[in-house]
Amino acid sequence: MFTTMTDDTGRNTYEVLAEALPRGSGPVLDLACGDGYLLELLRTDRDCLGTDWNIAELKAASHRLGLGAPLIRADAASLPIVTGSLGAVGCHYALMLLQPLEAVLAELARVLRPGGLLACVLPASVSEESPGPISTFRAAWKEVTANFPVEIPPIQDDRAVDPEDLAVILADAGFTSVSVQSISVKNQMTVEETVESVFLTYLPDLLSPAGLAQLRGRLEIGFSDIADDAGLITFRDLSDLVSARRSKQALAAPRSDPLPA
């Protein structure tokens, strides 16, 4: 979904993040690399590697990038990477899912060189909007879960999507020069494409088959109501590009784990 939504310059959020990550300052880590889309952009002119905990995602990344791609299964809070060996770390729409957040950021500070860059694309905190795909989904979700209650697990740490809270945690972990850049992307989709896009989010999978069927029907009606005369819906997404520099103070004692090739 994110690859098809672009800003006014024609870039998607992966491309915005790739452009923010430096060249020639040392290896770049794609943290929680998923199926390797960002790595495919980075490796054209940078030494890079990717980590993820999900085996299926890593297999998808290997399929995209080819056998021998620099992929490692690792916990974000315990990376098998030498202290102070990375020039930059990028993370696309995943930092809020990596817990405990303090331990993850401390680990990123450890593996980055002094002055190294951390750049993350994160969902922006937005207020309730006028009728659109997100508000339509929220209304449908509320209606369906009244009939099919679900228990939502602690999927994310909300402090990661609050720039002020995140800046404090970054500072405590050893980062400075925190900056936030707003990114607005959009795409026009049919009703069915919009339904499939929101079904890619985490919440629908919590429903029973009957609940899923009711949610799909409710969304088809709701999205049809907001479609234009051509049957298209403009799907907008707001994100934040959060960047921070590893403090140039002395690093902790190096860990002996080699940097994977």
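Using +1 at the Cβ of each Lys and Arg and -1 at the Cβ of each Asp and Glu in the chain, identify which of I152, S78, A210 lies farthest towards the dipole's positive end.
Value: S78.
Return I183, I233 ranked ascending by Cβ neighbour count within 10 Å, so the fewest neighbours appear first.
Ascending number of Cβ neighbours within 10 Å: I183, I233.
Going by how many other Cβ atoms sit within 10 Å of their own, how do T176, T6 line up, fewest first?
T176, T6
Compute the angle between helix 101-111 and the longest alpha-carbon principal axis of the chain, please, reported from 0 to 90 degrees and rounded to the nearest 10.
Between helix and principal axis, roughly 40 degrees.
Suppose every Lys and Arg Cβ carries +1 and every Asp and Glu Cβ carries -1, with no other charges. What dipole size does the range 2-246 come out with about its Cα centre, to the nearest 20 debye?
820
Using the C-alpha gyration tensor of the chain, what are the square roots of 5 times its eigenvalues, in whole angstrom, with the largest one first?
35, 19, 18
Under a cut-off of 28 Å between alpha-carbon atoms, report the lysines in cross-link reach of K186, not counting same-chain residues fewer than 8 places apart.
The qualifying lysines are K142.
Grab every C-alpha pair in the range 32-169, bin the distances at 10 angstrom width from 0 up to the longest one, and report whole percents.
Using 10 Å bins, I get a P(r) of 10, 33, 32, 18, 6, 0 for the range 32-169.
Give me the distance between the Cα centres of the range 75-141 and the range 211-235, rounded to whole Å.
Cα centres, the range 75-141 to the range 211-235: 30 Å.
I need two numbers for the range 107-173: Rg to one decimal and Dmax as a whole number, Cα atoms only, in Å.
17.4, 53
Once you have all Cα-Cα distances for the range 87-142, histogram them in 10 Å bins from zero and send the whole-percent values.
19, 35, 23, 17, 6
Please determine, in degrees from 0 to 90 and to the nearest 10, the orientation of helix 133-147 with respect to the longest principal axis defined by the Cα atoms of the chain, where the helix direction is its Cα long axis.
That helix lies at roughly 70 degrees to the long axis.
Exposure proxy check: T194, T83, T9 ranked by fewest other beta carbons within 10 Å?
Ascending Cβ contact count within 10 Å gives the list T9, T83, T194.
To the nearest whole percent, what portion of all C-alpha pairs in the range 140-233 is separated by more than 21 angstrom?
54
To test your reading of the geometry: what angle, between 0 and 90 degrees and rounded to tens, separates the Cα axis of helix 55-65 from the longest principal axis of the chain?
With rounding to tens, the tilt is 80 degrees.
Remind me, relative contact order of the chain in percent, using alpha carbon pairs under 8 angstrom and six or more residues apart?
24 percent.
Rule-based calculations on the coordinates, nothing more; no lab input. Here the structure is a predicted model, which means the values were calculated and not measured. FYI the Cβ positions are ideal-geometry reconstructions off the backbone, even for glycines, and counts take in every protein chain you see.
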